[in-house]
């Protein structure tokens, strides 16, 4: 996995994490950015979706929703995950 860092429109840094780390953070109530693997999470074409546990009760449901709605051969066939750096 490549270590990628991006800044959102507010200047906050986000770093790419593994699926296991994302699941652990999501279940603990932290914000996790779900993004197709070939897209940048922040920019003029916003590919990332920031989700929290209060919106979705299960990590797998949130991941499958993102995979079904946003992933294809142009944007990437799997979901990458990002967490906010402190």
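If each DSSP helix of 4+ residues adds -39,500 (n - 2.57) and the sum is divided by the residues in the chain, what number results at 222 nm, nearest 500 deg cm²/dmol?
-7500 deg cm²/dmol, from helical runs alone.
Could you work out how far apart the two model spin labels at residue 1 and residue 19 are, taking each label as a point 7 Å from the Cα in the direction of the beta carbon, and quote it in nm?
Calculated label separation equals 1.0 nm.
Would you mind pulling out the separation of the Cα centroids of segment 1-36 and segment 38-58, in Å?
First find each Cα centre; the distance between them is then 9 Å.
Any number yet on Rg/Rh for the chain, C-alpha, Kirkwood?
In the chain, Rg relative to Rh is 0.93.
Just so you know, all these numbers are worked out from the coordinates, no wet-lab data involved. Everything numeric in this text was worked out from a predicted model, so none of it was measured. Cβ sites come from the backbone with ideal geometry, for glycine too, and all protein chains shown count toward neighbours.
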